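Step one of this worksheet: look at the structure below.
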């Protein structure tokens with residue numbers, strides 16, 4: 001046990017190193033790549049001058065538009081781009097340490113507020129999606145393992161492989177076409193988090209409305225890990241069913257159900273926890289493809305839009321959360337793994 | 001008519017199958033033998049392939065998907081608005097073949113297109129081959145065209161009969177002169193029409209159109225109604241909002257996606273094998289440092305990086321391929337290879353090779369690699385599935401292949417705009433994507449089963 005604790009401490013100590021490397025790489029990329037906020041501001045000024053027409057428009061056509069040096073310095077200072085890349089990065093990192101993420105260029109609000117305002121929606125869909133996939137995949141995997149190589153197994157395999165081959169957001173799109181009104185059935189709404197008149201609805205109507213809006217995105221989330229989780233569950237249960245301790249349990253004269261659910265199941269669930277780290281990341285960051293198709297204003301869509309609008313503080317801010325959650329999640333899932341499976345020994 | 005098309009399609013599919021699975025393999029073996037290679041498979045590979053063939057669903061999926069892919073390389077001959085062959089008088093031309101070779105030799109300037117005037121049509125742009133083919137089948141088209149022209153000329157003559165008043169403004173005089181000038185043009189067109197009609201009647205015109213005579217790059221704006229059109233008789237799966245045939249886009253999109261995924265997988269494999277091999281073979285600090293590096297590299301949100309780069313430079317096919325390979329393509333496979341090399345390097349044959357003085361590179365690539373191919377082969381189909389998924393999502397977001405490249409993601413993006421009224425724009429690419437990836441997954445599953453069999457024994 002002692003060796004394990006030092007192992008995990010060593011891994012925790014590596015987090016800042018990895019974190020700094022990733023964020024510096026992205027910071028570097030953002031600074032080097034053209035089309036940043038300064039250029040966009042330049043473009044806007046140019047457009048405005050062209051729009052005015054007349055003499056000023058003519059002037060800008062003749063020569064490349066020059067922003068006065070003083071204004072340029074002001075602009076750079078406003079966007080915190082006046083420092084060299086290493087110094088700028090150090091300042092940004094120091095800000096992160098004091099939980100100061102800077103201000104969003106687009107929302108003109110502190111980045112942390114923007115991110116926190118988007119968090120609940122992503123967690124809502126992420127959590128429901130994660131539990132839904134456990135609720136679907138575990139029973140499916142177990143029954144598939146019990147009836148290995150039967151007609152049921154083959155039939156469900158087809159569904160599993162189909163699930164693997166359709167990306168989640170495409171499945172959402174298909175469901176929206178089929179169930180979202182228009183040409184076919186009209187059961188579910190076309191995206192969004194809640195209806196517009198949500199506040200006026202009664203209590204039960206509120207619940208129903210929320211559920212109706214939840215169905216399609218959650219299905220998209222479930223599709224993401226559906227095939228891998230089901231097959232992992234099935235294979236690990238099959239592995240355990242062939243193990244000696246199961247044979248012993250049968251030899252003791254235990255009923256099949258007891259052997260299956262008390263002995264084999266417990267051990268088969270262990271590999272399923274490996275995905276927790278990744279799932280945590282998805283939980284918080286959301287899948288921006290699903291959020292975009294279903295029009296959910298969550299973390300995923302926020303970071304996607306920030307990339308498009310070149311909102312550097314928000315890009316970096318969401319990156320901080322994403323990277324930290326993923327790095328911690330990996331360690332967390334290893335800890336969980338080591339706790340529930342005494343055979344696992346890290347650091348040897 | 002429909003029966004004829006079906007027969008043509010069946011013939012094409014059979015030919016494609018025979019070419020892919022009879023001609024190509026024997027050609028491969030024969031050239032290999034002629035070059036002095038030993039083309040006989042090692043017995044354990046033969047056994048694996050035999051086992052693969054017994055898994056019917058995977059084997060048939062493999063046959064179908066490879067046939068379709070090889071056929072898709074010749075799509076210009078099957079789905080195109082240009083004919084395979086056209087003859088008009090003494091002029092003979094092979095426009096579809098020319099388009100195909102132009103794409104193959106993309107560095108050369110494309111050949112000039114056939115002008116309407118040279119092929120008995122009116123106008124000064126490219127020949128309307130579908131009209132040509134229609135006229136070939138139904139010569140009365142000329143009569144209706146001629147009638148329309150005659151009506152037009154009659155109308156102009158009626159207007160010309162009224163001489164401008166002596167006090168007409170300069171504009172009115174100019175209009176009158178313009179009308180006068182049009183008359184000889186229309187007369188010339190009428191003459192050309194009559195000439196074309198006689199040429200067609202004399203059997204001096206011939207054309208062979210592809211089975212599906214629409215191209216994924218033309219905008220059919222003269223169709224009745226406004227695009228997008230729903231699926232119909234002429235357009236199997238309708239058109240999109242720029243009037244481009246959806247079926248043509250789907251099949252060309254299949255080619256784009258598959259070749260993209262293949263190239264990305266192969267390049268990713270090359271990098272992944274080298275990196276993973278170095279990590280597994282040398283171990284120690286090399287391994288630890290490279291692992292850290294990969295961990296950092298894999299944590300960069302690669303889709304975002306792609307989007308940032310794509311908004312800076314317009315991505316071309318090659319640029320997108322190299323970006324996806326560099327950012328993502330090689331990471332997965334390097335883990336597998338690392339594990340294999342770790343296991344294999346302690347084997348006796350490796351020690352033997354080292355003792356005989358083989359260089360490290362040659363031990364890695366000539367001795368260990370051939371013994372670690374199983375995970376490479378079994379991983380390949382899933383790598384293809386993943387890459388196609390990435391390409392579709394990139395195209396869907398609008399940061400994928402250059403505008404105008406037929407692709408499934410672009411269709412999906414369009415479909416989102418017309419979600420309620422034109423479901424075919426979502427359903428057709430989704431189903432094409434699902435069916436294609438499903439078959440690839442089936443192949444992958446069967447390959448895994450055949451190459452790396454797992455026997456579950458259990459007490460009942």
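Things worth noting here:
- Pairwise label distance in nanometres, residue B:163 with residue A:134, each label 7 Å out on the Cα-Cβ vector: 9.9 nm
- Inter-site label distance for residue A:113 and residue B:356 at 7 Å from Cα along Cβ, in nm: 7.3 nm
- Relative contact order of the range B:246-457, pairs being alpha-carbon contacts under 8 Å that are 6 or more residues apart, as %: 28 percent
- Extension gain, residue B:115 to residue B:137: 0.36 nm times the residue separation minus the Cα-Cα distance gives 5.8 nm.
- Expected 222 nm ellipticity per residue - DSSP helices of 4 or more, -39500 (n - 2.57), all of chain B, to 500: -21000 deg cm²/dmol
- Residue by residue along B:414-421, Cβ atoms of other protein chains within 10 Å of the local Cβ number 4 on average.
- Ranking of A:294, A:97 by neighbouring Cβ atoms within 10 Å, starting from the fewest: A:97, A:294.
- Length gained when the stretch residue A:194-residue A:215 is fully extended (0.36 nm per residue, less Cα-Cα span): 6.4 nm
- The ranking of B:35, B:221 by Cβ neighbour count inside 10 Å, starting from the fewest, reads B:35, B:221.
- Across all C-alpha atoms in the protein assembly as shown, the radius of gyration and Dmax reach 32.5, 121 Å.
- Per-q log10 I(q)/I(0), the range B:350-448, q = 0.12, 0.18, 0.24 Å⁻¹ (Debye; single scatterer per alpha-carbon; no solvent): -0.58, -0.86, -1.13
- Cα convex hull, chain B: 245 Å³ per residue, rounded to a whole number.
- Length gained on full extension, residue B:221 to residue B:57: 54.8 nm, using 0.36 nm per residue less the C-alpha separation.
- With contacts taken as Cα pairs under 8 Å at a separation of at least 6 residues, chain B carries a relative contact order of 18 percent.
- With Cα atoms, 0 to 90° folded angle of helix A:69-78 axis to chain A main axis: 30 degrees
- On Cα atoms only, tilt of B:246-282 relative to the major axis of chain B in degrees: 20 degrees
- For chain A, the relative contact order comes to 24 percent (Cα pairs under 8 Å, sequence separation of at least 6).
- A:176, B:223 arranged by Cβ crowding within 10 Å, fewest neighbours leading: B:223, A:176
- Chain B: angle of helix B:331-344 to the longest principal axis, Cα-based, in degrees nearest 10: 30 degrees
- Remark on chain A: ratio of C-alpha radius of gyration to 2.2 N^0.38 Å is 1.29.
- Where labels lie 7 Å past Cα in the beta-carbon direction, separation of residue A:341 and residue A:309 in nm: 4.5 nm
Bear in mind these aren't lab numbers, they're just calculated from the coordinates by the rules spelled out. In this text, all values refer to a predicted model and were calculated from it rather than measured experimentally. Heads up, the Cβs are rebuilt from the backbone with ideal geometry, glycines too, and the neighbour counts pull from every protein chain shown.
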